[in-house]
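In what follows, a structure is listed as structure tokens, so that the remarks can point back to it.
Read-outs: derived from the displayed coordinates by stated rules, not from any lab. Since the structure is predicted, the reported quantities are computational estimates derived from the model, not experimental observations. Please note: Cβ atoms are built from the backbone with ideal geometry, for glycine as well, and neighbour counts cover all protein chains shown.
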Amino acid sequence: MEIKENILSKENAEKLIALNNKKVIDIIEKYSRLCKPSKITVITDSDEDINYVRELALDNKEEEKLAMPGHTIHYDGYYDQARDKVNTCVLIKEGIKLSKVINTKEREEGLKEVHEIMDGVMSGREMLVRFFCLGPKNSKFSIPALQLTDSSYVAHSEDILFRTGYEQFRKLKNKDEFFYFVHSAGRLDERSNSIDTDKRRIYIDLDEERVFSVNNQYAGNSVGLKKLALRLAISKANKEDWLCEHMFVMGVHPEGKNRVTFFTGAYPSACGKTSTAMVPGQTVIGDDIAYIRPGEDGRAYAVNIEQGIFGIIRDVNPEDDPIIYKALTSPRELIFSNILIKEGKPYWLGMGSEIPESGENFSGEWFKGKKGPDGNEVQPAHKNARYTIRISDLDNADPKADSAVGVPVSAFLYGGRDSDTSVPVCESLSWSHGVFIGACLESETTAATLGKEGVRKLSPMANMDFLVVPLGLYIKNHLKFGEDLDCPPKVFSTNYFLKENGKYLNGMLDKKIWLLWMEGRVHDEFDSIETPIGHIPKYEDLKVLFKHVLGKEYTKEDYEKQFSVRIKKFLEKLDRVEKIYKEEEQIPEFFHEHIEQQRQRLKEAMKKLGKETVSPFEFS
Ligand code: SPV
Ligand code: MN
């Protein structure tokens with residue numbers, strides 16, 4: 001190997017040689033030459049190596065121990081608290097077109113720029129080399145992934161969030177089919193935070209299945225295996241016959257029925273994806289990214305590509321999220337990020353107990369009323385503050401979470417932050433109508449990405465931020481995926497955010513009722529009302545479910561408000577969505593057909609019933 005022994009010790013070199021993989025060695029040689037770390041450490045799947053990463057994160061102050069055993073806190077810089085969409089680009093060759101809605105950069109120019117930024121970026125620092133497996137090990141879903149990073153926090157987070165893969169790489173034999181990620185936090189300040197965030201770049205190179213990420217630490221930007229691998233996998237899936245989706249995977253357990261029905265669900269960031277997967281009484285397989293493949297029995301099968309959760313901590317409290325709250329307040333390995341710490345104890349927004357008026361947070365020493373460098377008042381904890389834990393540490397982990405064949409999926413759910421249009425739950429009229437519903441998903445922006453909050457944006461399948469193939473191709477492949485199955489999943493839309501006079505029309509736990517209704521629909525146990533937008537629940541069924549499951553009286557008035565079809569609002573939505581799709585090339589015909597048909601159905605209902613908003617009772 002070309003690397004000098006004072007940088008890569010003999011012992012570390014042997015770990016690489018044992019893999020017998022030329023491409024791995026080439027990558028490490030190339031990026032050590034460029035990034036110039038003073039030391040390279042290779043981490044295998046051994047406890048000893050993994051513990052080295054844990055300790056390193058404490059030694060170099062990327063994490064600090066808290067009072068509770070196993071808990072640590074990590075802070076990202078003040079301007080590095082969410083995904084940076086502006087500086088995340090797909091590198092494309094000249095002449096290739098993706099979509100208007102996808103951020104791209106000419107490949108050669110992008111590679112040159114990011115390689116220049118990475119020149120010497122690890123000087124005086126240690127490069128960690130880590131191997132992981134996306135998806136369960138030894139499965140047709142598995143994708144091996146190599147991560148080079150100078151951040152021990154990134155390497156440690158990945159250990160909690162992903163399955164180890166050194167042994168998987170050994171089995172690769174000299175094959176070069178794996179993703180790789182090169183990350184550097186760049187120059188650090190005295191709090192170990194990236195200084196040069198103006199040179200933050202996240203460049204995705206589909207041709208070589210690799211991503212470069214530099215001058216950042218926030219996990220959505222830095223952790224290669226999460227949102228960076230998602231983009232590479234979307235590209236791969238769209239060349240093959242499977243789907244890579246921004247979806248949870250969960251088991252739904254109807255009371256007293258002794259069966260489990262698996263759902264996957266796509267929601268834009270911070271719109272209830274994790275809390276759906278965590279609904280009490282159900283089991284969780286994954287909360288963020290699923291690979292979905294056709295199974296031999298003609299059904300769709302899903303796996304979680306991760307084994308952990310990088311979840312939003314805001315509003316996690318004993319009442320609304322009892323399982324996560326318990327996991328976050330008992331001893332285990334976990335990393336908090338960007339919350340408030342006082343005397344070794346963690347505090348966050350909406351935790352259900354009082355927050356102290358001073359402590360340490362992502363802005364440094366914090367006190368009530370403190371102004372940040374941008375002049376804004378600093379909240380005790382960031383709205384996008386997070387926790388990182390293993391799913392196996394949760395009481396509701398599904399026993400099939402690691403199944404190599406995945407779980408059969410009975411329904412796809414789509415939900416966004418929609419205050420005034422969609423009903424709480426609605427079943428599509430068909431598979432293709434379901435793909436259409438997913439393709440029309442809109443949501444108001446949240447603190448999970450940098451930029452203004454509350455702006456309504458189109459996010460097809462909640463995957464828009466991560467799309468690296470033309471939108472038309474993506475929805476065409478999606479349609480085909482289900483058409484090729486003997487038994488495609490049912491498709492439902494959900495909306496937890498409907499408001500009236502500024503107040504939410506539903507409680508946090510109502511989503512349990514929607515889940516159980518959808519589960520019953522899968523098994524043909526509930527009738528429905530057909531409306532222009534799809535099948536909605538009957539009042540009588542919901543009334544029984546609310547009473548039986550939540551002990552709540554569900555009134556006809558509540559039902560009417562929640563399930564009225566807001567025709568005018570829906571027509572406006574169709575116009576907004578159509579405008580964006582019209583600017584795209586090669587949108588498949590079925591999409592335009594559904595827009596037209598849906599519009600016609602809505603207009604006819606408006607004419608026939610003479611109203612802009614129609615009560616569900618008028619359709620039955
Ligand atoms: C999301 O924002 O969708 C997340 C967290 O799941 S991040 O890793 O930032 O993408
Ligand atoms: Mn996500």
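Which pairs in the list 273/511; 257/547; 15/171; 226/342 are over 19 Å apart, alpha-carbon to alpha-carbon?
Working: 273/511 11 Å; 257/547 17 Å; 15/171 14 Å; 226/342 30 Å.
Beyond 19 Å between Cα atoms: 226/342.
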- Message: Along the Cα→Cβ direction, 7 angstrom out, place labels at residue 93 and residue 191. What is the inter-label distance in nm?
- Response: 4.5
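Hey, with R₀ at 30 Å, roughly what FRET efficiency would residue 18 and residue 58 work out to, going by the Cβ-Cβ distance, to 0.05? Working shown, then result.
Values: r = 28 Å, r/R0 = 0.95.
Between residue 18 and residue 58 the formula returns 0.60.
Starting with the fewest neighbours, write out 27, 580 ranked by other beta-carbon atoms found within 10 Å of each beta-carbon.
Details: 27 20, 580 17.
With the sparsest Cβ surroundings first, the list reads 580, 27.
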- Query: Using the 10 angstrom Cβ neighbour count as an exposure proxy, how do 548, 183, 71 rank, fewest first?
  - Reply: 548, 71, 183
- Query: For the range 460-554, what class follows from the C-alpha gyration tensor (a ≥ b ≥ c being the square roots of its eigenvalues): rounded when a/c is under 1.5, otherwise prolate if a/b is larger than b/c, else oblate?
  - Reply: oblate
- Rounded to the nearest 10 degrees, the helix 22-35 long axis (Cα) sits at an angle to the longest Cα principal axis of the chain of 70
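Taking neighbour counts of Cβ atoms within 10 Å as a proxy for exposure, in what order, fewest first, do 123, 564 appear?
Values: 123 12, 564 20.
Ascending Cβ contact count within 10 Å gives the list 123, 564.
Go through 105/457; 457/543; 452/480 and tell me which ones have a Cα-Cα distance over 24 Å in this structure.
Values: 105/457 22 Å; 457/543 34 Å; 452/480 36 Å.
Those over the limit are 457/543; 452/480.
Between beta-carbons, use under 9 Å as the cut-off and find the net charge around residue 466, counting Lys and Arg +1, Asp and Glu -1.
On the way: positive: 227, 231; negative: 465.
Neighbourhood net charge equals +1.
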- Task: Treating the angle as unsigned and between 0 and 90°, give the value, to the nearest 10°, between the Cα long axis of helix 152-161 and the longest Cα principal axis of the chain.
- Result: 40
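Sum up the charges of everything whose Cβ sits under 12 Å from the Cβ of residue 140, counting Lys and Arg as +1 and Asp and Glu as -1, but leave residue 140 out.
Values: positive: 137, 293; negative: 240, 241, 296.
Cβ neighbours under 12 Å give a net charge of -1.
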- Task: Lys and Arg at +1, Asp and Glu at -1: add these up for the other residues within a Cβ distance under 14 Å of residue 611 and post the number.
- Result: +2
- Output row, site residue 486, 7 Å Cα→C-beta label point, backbone N cut-off 15 Å, window the range 293-334, residues 294-301
- Take the Cβ-Cβ distance between residue 65 and residue 608 as r, set R0 to 56 Å, and report the resulting FRET efficiency rounded to the nearest 0.05. 0.25
- Message: If I fit a long axis through the Cα atoms of helix 47-59 and take the longest principal axis of the Cα atoms of the chain, what angle between them do I get, 0 to 90°, rounded to 10?
- Response: 90
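Any idea what the dipole of the chain comes to, in debye rounded to 20, about its Cα centre with Lys/Arg Cβ at +1 and Asp/Glu Cβ at -1? List each step's numbers first, then the result.
Numbers: 88 positive and 100 negative charges, 147 e Å.
In total the dipole reaches around 700 debye.
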- Message: Along the Cα→Cβ direction, 7 angstrom out, place labels at residue 239 and residue 1. What is the inter-label distance in nm?
- Response: 2.8
- Can you grab the distance from the C-alpha centre of the range 513-547 to the C-alpha centre of the range 247-294, Å, no decimals? 18
- In this model, which of 538/568; 326/383; 400/512; 569/611; 22/199 are farther than 24 Å apart at the alpha-carbon? 22/199
